[in-house]
Amino acid sequence: KYVGRDLDAYAIRCFPVDALQVLSQVCLDFAEKASQQRVTFVPTQPRLMAQVLASSPELGRLFSIILELLLKDAAQDTSLNIEVEDEPDTSSFRFSNSGLGLPHERLQEILTGPEDPDTEELRLFRAASLWVRDWGGSLEITSEVGKGYRVTLRLRQFPIAPVLEFF
């Protein structure tokens, strides 16, 4: 009755994940590619962060998809900004680049239209947005011609029970 045949496998594989560790590893994996394009990563993140509810392998793939999309669009000798912060009940990850971009309306048509997106990165991005939704988070992308892309990922934090003190 409670578990139907159509239960999504991604919703089942949702565990507490150290997203900063996953993000750091993905950035290391992309460091050489970014260097070849003369794009530098500019992270702004807390030293410690709450764990988020996600699937670790898919979260790594999602970060890879975002970095691949932004690096392919980025102009040389620019930076790719990565801002991470804890908010009440959620953790936010904001990625932005300086690049060619797309008209915002066209980007939304590509991502929400019935046809598959033109590029592999946008096709993967659209698929990954379903994982994030199943984790209870949100994934948004905006773009402007001549300015690049902005991606915002919000994930639910793993709730930690308060410590009771009796003394």
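The values are calculated or read from the model by the stated rules, or taken from the named source; none is laboratory data. Small disclaimer: the values here were computed from a predicted structure and weren't measured. In this analysis, Cβ positions are derived from the backbone assuming ideal geometry, glycine residues included, and neighbour counts consider all displayed protein chains. To get the accessible areas, we keep the full protein, side chains included, count just its heavy atoms, and leave off ligands, DNA and RNA. Shrake-Rupley method; radii C 1.70, N 1.55, O 1.52, S 1.80 Å.
Could you count how many residues in region 15-45 are among the hydrophobic types (A, V, I, L, M, F, W, C), within 14 Å of Gly60 (Cα to Cα) and open to solvent by 30 Å² or more (accessible area, probe 1.4 Å)? Walk me through it before giving the result.
Here is the first cut: in region 15-45, the residues among the hydrophobic types (A, V, I, L, M, F, W, C) are 15, 17, 19-20, 22-23, 26-28, 30-31, 34, 39, 41-42.
When the remaining residues are screened for being within 14 Å of Gly60 (Cα to Cα), the result is 15, 17, 19-20, 22-23, 26-28, 30.
Those still in the list that are open to solvent by 30 Å² or more (accessible area, probe 1.4 Å) too: 15, 28.
Qualifying residue count for the region: 2.
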If you check Arg47, Arg61, which single one turns out to be at pLDDT below 95 and under 19 Å from Ser92 (Cα atoms)? Arg47
Unmet requirement for Ala50, which otherwise passes all of (1) touching a residue at least 60 places away in the same chain (Cβ under 8 Å); (2) farther than 12 Å from Leu155 by Cα; (3) small (Gly, Ala, Ser): (2)
If we scan region 39-47, do we find a residue that is among the basic types (Lys, Arg) and more than 14 Å from the chain's Cα centre (by Cα)? yes
Quick count over region 90-125, residues being modelled with pLDDT of 90 or more and either on the phi > 0 side of the Ramachandran plot or among the polar types (S, T, N, Q) (or both), is 7
